[in-house]
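All remarks here apply to the structure that follows.
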Amino acid sequence: MTNRIALVTGGGSGIGRAVALKLLATGFTVAITGRRQDRLDQVAGEGGSECHPIAADMRNPQSVAAVFEEIRERFGRLDLLFNNAGTGAPATPLEELTLERWNAVIETNLTSVFLCTQAAFRLMKSQQPQGGRIVNNGSIASMTPRPLTIAYTASKHAVTGITKATALEGRRYSIACGQIDIGNTATDMAAPMMNGTLQADFTLKPEPTFSVEHVADAVAYMANLPLDANVLSMTVMATAMPFVGRG
């Protein structure tokens, strides 16, 4: 297929922006979503005519349904979903975390992934030719937590469960699902790490970061595989970050 359609959530900045631009460069037509139209429009301006901004709140079932209906009507199919939208919470002892803060992280990092995966699965299952690929943005935290991040850690552990369940159920329909776990990309979200971030022993130490372009390259590799091959799990991290042996 020469006209492959991709959807990148959280596509207005950071990892989402870099991945969207890389997918465009490898021949995808890319729809990007996020809550800020101005950021989406800026990325679309960089990406050109094959980049389509769709402002949406992917935590909302009606909003998700509208995005996927627009993709179906405009393009007729979806070949790749990159579930990238995510958020964190300020470092907070678990006994002090409010339910409101917990819900905000879970709705963005987990519920939106489920809603988008479900909608993509339905479309990929029904389209001809059948099938497609879903790549979930996990985290180093999906394997090993940092202190005082219980909501973020729980959400990313659960994303791994969604990835495996989707990979299992997708087999019959040529729907592949994999996950990329990222550690310390040089984006606005990770910028504070260079000044000092909480370690397993509760000391503060700066941590190295690496270019977001390497994440974009990794996702593009996963995205461009034929559907009879799948990267179920990939970890991309700053080489010197204190992850292996953390704790």
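Counting only residues that are within 24 Å of Leu148 (Cα to Cα) and hydroxyl-bearing (Ser, Thr, Tyr), which one in region 194-247 is farthest from the chain's Cα centre (by Cα)?
Filtering region 194-247 for residues that are within 24 Å of Leu148 (Cα to Cα) and hydroxyl-bearing (Ser, Thr, Tyr), the one farthest from the chain's Cα centre (by Cα) comes out as Thr203.
Take the residues of region 8-26 that are within 22 Å of Glu73 (Cβ to Cβ) and touching a Ser or Thr at 6+ places or on another chain (Cβ under 7 Å): which is surrounded by the most Cβ atoms within 10 Å (Cβ to Cβ)?
Of the residues in region 8-26, the ones within 22 Å of Glu73 (Cβ to Cβ) are 8-9, 11, 20, 23-24.
Applying the additional criterion that residues be touching a Ser or Thr at 6+ places or on another chain (Cβ under 7 Å) yields 9, 11.
Values: Thr9: 25, Gly11: 32.
Looking at the filtered set, the residue picked out is Gly11.
A quick yes/no check of all residues on (1) hydrophobic (A, V, I, L, M, F, W, C); (2) out of contact with any helix residue (DSSP H, G or I) (no Cβ under 8 Å at 6 or more places or on another chain):
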site	(1), (2)
Ala119	yes, no
Lys125	no, no
Pro129	no, yes
Ala141	yes, no
Pro145	no, no
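Looking only at region 48-67, decide whether some residue is free of Cβ contacts under 8 Å to residues at least 60 places away in the same chain, of a type outside the set (Lys, Arg), outside any loop (DSSP other than H, G, I, E, B) and in contact with a Pro (Cβ under 9 Å, 6 or more places away or on another chain). Steps first, please.
First pass over region 48-67, keeping only residues free of Cβ contacts under 8 Å to residues at least 60 places away in the same chain: 48-66.
Checking the rest, the ones that are also of a type outside the set (Lys, Arg) come to 48-58, 60-66.
Then keep just the ones that are outside any loop (DSSP other than H, G, I, E, B); that gives 51-55, 61-66.
Then drop every residue that is not in contact with a Pro (Cβ under 9 Å, 6 or more places away or on another chain), which leaves none.
No, region 48-67 contains no residue that is free of Cβ contacts under 8 Å to residues at least 60 places away in the same chain, of a type outside the set (Lys, Arg), outside any loop (DSSP other than H, G, I, E, B) and in contact with a Pro (Cβ under 9 Å, 6 or more places away or on another chain).
Would you be able to say whether some residue in region 82-91 is at pLDDT 95 or above, buried (at least 16 other Cβ atoms within 10 Å of the Cβ), more than 15 Å from the chain's Cα centre (by Cα) and farther than 19 Å from Ser233 by Cα? Quick ask: steps written out before the conclusion?
The first filter runs over region 82-91 and keeps only residues at pLDDT 95 or above, leaving 82-84.
Filter again for buried (at least 16 other Cβ atoms within 10 Å of the Cβ), leaving 82-84.
Right, trim to more than 15 Å from the chain's Cα centre (by Cα) and you get none.
Checked region 82-91: no residue is at pLDDT 95 or above, buried (at least 16 other Cβ atoms within 10 Å of the Cβ), more than 15 Å from the chain's Cα centre (by Cα) and farther than 19 Å from Ser233 by Cα.
Among the residues of region 161-186, how many are polar (S, T, N, Q) and in contact (Cβ under 8 Å) with a residue 60 or more places away in the chain?
Of region 161-186, the ones polar (S, T, N, Q) are 163, 166, 174, 179, 184-185.
So of that shortlist, the ones also in contact (Cβ under 8 Å) with a residue 60 or more places away in the chain come out as 163, 185.
The qualifying residues number 2.
Out of region 99-152, which residues are among the charged types (D, E, K, R) and crowded, with 22+ Cβ neighbours inside 10 Å? Explain how you work it out, then say what you get.
Residues of region 99-152 that are among the charged types (D, E, K, R), as a first pass: 100-101, 107, 122, 125, 133, 146.
Correct list: Arg133 only.
In this structure, is Leu148 in contact with a Phe, Trp or Tyr (Cβ under 8 Å, 6 or more places away or on another chain), farther than 23 Å from Ser233 by Cβ and not β-branched (Val, Ile, Thr)?
Details: in contact with a Phe, Trp or Tyr (Cβ under 8 Å, 6 or more places away or on another chain): no; farther than 23 Å from Ser233 by Cβ: yes; not β-branched (Val, Ile, Thr): yes.
Judged against the criteria, Leu148 is not a match.
Identify all residues within region 221-246 that are among the polar types (S, T, N, Q) and either part of a strand (DSSP E or B) or at pLDDT 95 or above (or both); write none if there are none. I'd like the intermediate steps shown before the answer.
So the first thing to find is which residues in region 221-246 are among the polar types (S, T, N, Q), and the list is 224, 230, 233, 235, 239.
Once the filter is applied, which keeps residues that are among the polar types (S, T, N, Q) and either part of a strand (DSSP E or B) or at pLDDT 95 or above (or both), region 221-246 yields Asn224, Asn230, Ser233, Thr235.
The values are calculated or read from the model by the stated rules, or taken from the named source; none is laboratory data. Predicted, not measured: the structure shown is a model, and the values here were computed from it. Cβ atoms come from the backbone with ideal geometry, glycine included; neighbour counts cover every protein chain shown.
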